1. Taking the stated definitions as given, is residue 109 open to solvent by less than 90 Å² (accessible area, probe 1.4 Å), in contact with a helix residue (DSSP H, G or I) (Cβ under 6 Å, 6 or more places away or on another chain) and either closer than 20 Å to residue 3 by Cα or modelled with pLDDT of 95 or more (or both)?
2. Give the residues of region 66-80 that are within 19 Å of residue 12 (Cα to Cα) and open to solvent by 30 Å² or more (accessible area, probe 1.4 Å), sorted by residue number.
3. Looking at this structure, is residue 62 without any contact (Cβ under 8 Å) to a residue 40 or more places away in the chain, in a helix (DSSP H, G or I), of a type in the set (D, E, K, R) and open to solvent by less than 70 Å² (accessible area, probe 1.4 Å)?
4. Do we find that residue 41 is more than 21 Å from residue 96 (Cβ to Cβ), in contact with a helix residue (DSSP H, G or I) (Cβ under 8 Å, 6 or more places away or on another chain) and at pLDDT 95 or above in this structure?
5. Counting only residues that are polar (S, T, N, Q) and not in a loop (DSSP other than H, G, I, E, B), which one in region 81-106 is most open to solvent (accessible area, probe 1.4 Å)?
Amino acid sequence: MLSGEVEVDETFIGGKARNMHIAVKKRRITGTGGKDKAKVMGMVERGGKVRTMVIETRKKHELQANVREHVQAGSALYSDELRSYNGLEGDYAHQVINHAVKYVDGNIHTNSMENYWSL
């Protein structure tokens, strides 16, 4: 179980259209955004372990079930404002960062997980 300060985030994994040959792009890209890409959820214990898992949806029941399975109750939990994380306050010290306003507010950020995705 991850514990202490834990960041959670999700991303879409798949090739960028601008890097594909025109024939491949026409065959593989059938929509916009995350369509045709794998959805992946990640959790990182600050200064510790990382857990990632492929998810079916970004809906509340699936994301919260994964958090409860992998993060020890009572831990400090940091996420972005995705509404699927609402309701975790009872089991965790859950704090949220609004990326439309800022990326860091003191100790509240998801930069470790964002950095993991960039690698």
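The values are calculated or read from the model by the stated rules, or taken from the named source; none is laboratory data. Predicted, not measured: the structure shown is a model, and the values here were computed from it. Reconstructed Cβ throughout: ideal geometry from the backbone, glycine too, with neighbour counts over all protein chains shown. These accessible areas exclude ligands, DNA and RNA; they are computed on the full protein's heavy atoms, side chains included. Shrake-Rupley method; radii C 1.70, N 1.55, O 1.52, S 1.80 Å.
1. Details: open to solvent by less than 90 Å² (accessible area, probe 1.4 Å): yes; in contact with a helix residue (DSSP H, G or I) (Cβ under 6 Å, 6 or more places away or on another chain): no; either closer than 20 Å to residue 3 by Cα or modelled with pLDDT of 95 or more (or both): yes.
Judged against the criteria, residue 109 is not a match.
2. Restricting attention to region 66-80, the residues satisfying the condition of being within 19 Å of residue 12 (Cα to Cα) are 66-67, 79-80.
Passing the criteria: none in range.
3. Numbers: without any contact (Cβ under 8 Å) to a residue 40 or more places away in the chain: yes; in a helix (DSSP H, G or I): yes; of a type in the set (D, E, K, R): yes; open to solvent by less than 70 Å² (accessible area, probe 1.4 Å): yes.
Here the answer is yes, as residue 62 does meet what is asked.
4. On the way: more than 21 Å from residue 96 (Cβ to Cβ): no; in contact with a helix residue (DSSP H, G or I) (Cβ under 8 Å, 6 or more places away or on another chain): yes; at pLDDT 95 or above: yes.
In short, no.
5. First, pick out the residues of region 81-106 that are polar (S, T, N, Q): 84, 86, 95, 98.
Those left that are additionally not in a loop (DSSP other than H, G, I, E, B): 84, 95.
Details: 84: 15, 95: 82 Å².
Filtering region 81-106 for residues that are polar (S, T, N, Q) and not in a loop (DSSP other than H, G, I, E, B), the one most open to solvent (accessible area, probe 1.4 Å) comes out as 95.
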